[in-house]
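What follows is a single structure, written as structure tokens, with notes after it.
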Amino acid sequence: MTYTIDSYIRATPHQVWRTFTDPELSPHINFGATIESDWNVGSRLPSRIGDGPVMVDGIVLEAEAPHRLVRTWRELWNPDARAEPASHVSYTFTALAHLTHLRVVHDQLDPASVTAALTVRAWPMGLANLKTLVETGEPLGLTFELASAVTS
């Protein structure tokens, strides 16, 4: 299964990429979780809240700042999803006049998997977090607890 979602953000691809990859801003995008990585090919992308366990993990497969990022995706916070194989996410940041068209393609998903059910419901919230933060400088405030209530 493949899930595609688009967002149009009033900023340059560079501004969106910088916000997306900044570990100090990542909690505002990722439901309170920080991603600390150098975002180079082969690097891990562990996502965790505070000193807690890794909730989502992956490996950077392609990185062309500020235009494209491809990574693996593993949901680790949910015991049923933890047992599933990694899926694949690509992010494309394209300049469109005064906007960035951000396309997220999440593929290699088993349509019957817990990962598919969780991510399909969470992606719109995550992109809303990113768009709001980039455009206003203020976090939207969608936390893990709120996202969990929607995705359970």
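The table that follows gives values for the structure above.
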{"read-out": "Residue match in region 2-9 (condition: over 11 Å from Val134 (Cβ atoms), open to solvent by less than 70 Å² (accessible area, probe 1.4 Å) and without any contact (Cβ under 8 Å) to a residue 60 or more places away in the chain)", "value": "no"}
{"read-out": "Flag if Pro85 is over 13 Å from the mean Cα position of the chain (by Cα) and either at pLDDT 95 or above or more than 15 Å from Ser26 (Cα to Cα) (or both)", "value": "yes"}
{"read-out": "Filter result for Leu142 (buried (at least 17 other Cβ atoms within 10 Å of the Cβ), at pLDDT 95 or above and either in a loop (DSSP other than H, G, I, E, B) or on the phi < 0 side of the Ramachandran plot (or both))", "value": "no"}
{"read-out": "Hits in region 24-34 (condition: touching a Phe, Trp or Tyr at 6+ places or on another chain (Cβ under 9 Å) and either surrounded by fewer than 18 Cβ atoms within 10 Å (Cβ to Cβ) or on the phi < 0 side of the Ramachandran plot (or both))", "value": "Ser26, Ile29, Asn30, Ala33"}
{"read-out": "Filtered residue count, region 10-23, keeping only those that are open to solvent by 40 Å² or more (accessible area, probe 1.4 Å) and among the hydroxyl-bearing types (Ser, Thr, Tyr)", "value": "1"}
{"read-out": "Residue match in region 77-85 (condition: of a type in the set (Asp, Glu) and touching a helix residue (DSSP H, G or I) at 6+ places or on another chain (Cβ under 6 Å))", "value": "yes"}
{"read-out": "Number of the condition not met by Arg18 [criteria: (1) touching a strand residue (DSSP E or B) at 6+ places or on another chain (Cβ under 7 Å); (2) within 23 Å of Thr132 (Cα to Cα)]", "value": "(1)"}
{"read-out": "Hits in region 1-43 - residues which are under 23 Å from Leu99 (Cα atoms) and of a type in the set (A, V, I, L, M)", "value": "Ile5, Ile9, Ala11, Val16, Leu25, Ile29"}
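The values are calculated or read from the model by the stated rules, or taken from the named source; none is laboratory data. Quantities reported herein were computed from a predicted structural model and do not represent experimental measurements. No Cβ is skipped: glycine too gets one built from the backbone with ideal geometry, and neighbour counts run over all protein chains shown. Areas reflect the complete protein model, heavy atoms only, side chains present, ligands, DNA and RNA absent. Shrake-Rupley method; radii C 1.70, N 1.55, O 1.52, S 1.80 Å.
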